[in-house]
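Let me begin by presenting the structure, written as structure tokens, before commenting on it.
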Amino acid sequence: MIMMERKSIWAGIAMAVALAVTAFIVHSCGIYSFTGTSIQPDVKTVTINYFEYKALKVNPSLSNQMTEALQEKFLKLTRLEQVDMDGDLEIIGEISGYDVKATAITANEQAAQNRLTVSVKISFVNRKYPEDNFDNKSFSAYADFDAMQTLDAVEAGLCEDIVEQLCEDIFNATVANW
């Protein structure tokens with residue numbers, strides 16, 4: 001019985017040491033985080049510029065919604081301080097497309113489903129590591145809706161989902177290196 005207790009104690013100690021060593025290694029790397037980012041330790045600030053709206057079809061709130069959502073994502077998932085200009089990282093974006101198209105046609109040649117697609121172009125500047133920079137990289141996301149509904153009726157909810165997906169893609173392309 002005492003032998004079993006000693007084995008359990010040693011197993012617990014071995015587990016604690018293994019966890020401590022793993023935590024030390026991960027922490028000492030400096031560039032890995034559990035949010036999936038790979039931001040170098042000397043990168044401290046980010047500038048996320050207001051998204052210009054250049055699409056032909058107008059959605060007056062989308063630029064603001066896109067900018068705020070991306071700022072919020074960086075605030076929640078990184079340790080970076082957001083600054084108005086000249087951040088170590090800088091994201092410049094524009095909304096380049098906002099389109100609705102039929103995606104499913106019925107036997108009567110009527111639309112059964114429509115798709116709202118939003119496209120953005122992003123330029124990314126890493127002032128500390130310029131090899132990570134990219135210019136005018138395109139991203140797009142879409143959401144489908146029943147053709148019996150008007151775009152006005154579903155637009156806010158669709159845009160919320162689309163913006164969330166676009167922010168995820170932009171975040172991954174800029175600081176997660178995926």
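The values are calculated or read from the model by the stated rules, or taken from the named source; none is laboratory data. Everything numeric in this text was worked out from a predicted model, so none of it was measured. Counting neighbours? That spans all protein chains shown, and the Cβs are built from the backbone with ideal geometry, glycine included.
Tell me yes or no: at least one residue of the stretch 62-81 is without any contact (Cβ under 8 Å) to a residue 60 or more places away in the chain, under 20 Å from Phe134 (Cβ atoms) and assigned to a strand (DSSP E or B).
Among the residues of the stretch 62-81, not one is without any contact (Cβ under 8 Å) to a residue 60 or more places away in the chain, under 20 Å from Phe134 (Cβ atoms) and assigned to a strand (DSSP E or B), which makes the answer no.
Name the residues in the stretch 126-155 that are closer than 17 Å to Glu52 by Cα and surrounded by 18 or more Cβ atoms within 10 Å (Cβ to Cβ), would you?
Phe139
May I ask you to list pairs of residues, at least six apart or on different chains, whose Cβ atoms are under 6 Å apart, with the first in the stretch 88-113 being farther than 30 Å from Pro130 by Cα and assigned by TED's automatic domain parsing to the domain that holds Lys137 and the second being crowded, with 19+ Cβ neighbours inside 10 Å and modelled with pLDDT of 90 or more?
Final answer for the pair search is Tyr98/Val118; Val100/Asn114; Val100/Leu116; Ala102/Asn114.
Taking the stated definitions as given, is Asn108 on the phi > 0 side of the Ramachandran plot and either at pLDDT below 95 or touching a strand residue (DSSP E or B) at 6+ places or on another chain (Cβ under 9 Å) (or both)?
no
Report whether or not Gly93 is at pLDDT 95 or above and crowded, with 18+ Cβ neighbours inside 10 Å.
Working: at pLDDT 95 or above: yes; crowded, with 18+ Cβ neighbours inside 10 Å: yes.
Taking the combined requirement at face value, the residue satisfies it.
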